[in-house]
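No lab work stands behind these numbers, since they all come straight from the coordinates. A quick note: this is a predicted structure, and the numbers were derived from the prediction, not measured. Glycine gets a Cβ as well: all are built from the backbone with ideal geometry, and neighbour counts include every protein chain shown.
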Amino acid sequence: MGVGLMAKPRAKGAAKRTTGKPAASSRKPVAVTLKGDPAWKEWLEGLAEHCRLDVSKAIDRALIQMAKAEGYEKEAPPR
């Protein structure tokens, strides 16, 4: 049996590797989570693809149109 190798400990003050993700403080909070059956999810993804948008942008656009149709006058802020 051989001896296992272990990673060398980081030097004190050495920077950690990053994963490329933005810092948690700079991320926007989740505004909505939707649950639906697989057929509805597939439909939604198909609609978004048809409009050349991602799902969240398609939902954002739909909500803005709905607000206008319902007479809600307050303008949607930037996401």
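Of note:
- A search for C-beta distances below 8 Å between a residue of the range 53-64 that is surrounded by fewer than 13 Cβ atoms within 10 Å (Cβ to Cβ) and any residue that is in a helix (DSSP H, G or I), counting only pairs 6+ apart in sequence or on different chains, returns ASP54/ALA48.
- Filter result (among the basic types (Lys, Arg), within 16 Å of the chain's Cα centre (by Cα) and part of a loop (DSSP other than H, G, I, E, B)) within the range 25-79: ARG27, LYS28, LYS35, ARG79
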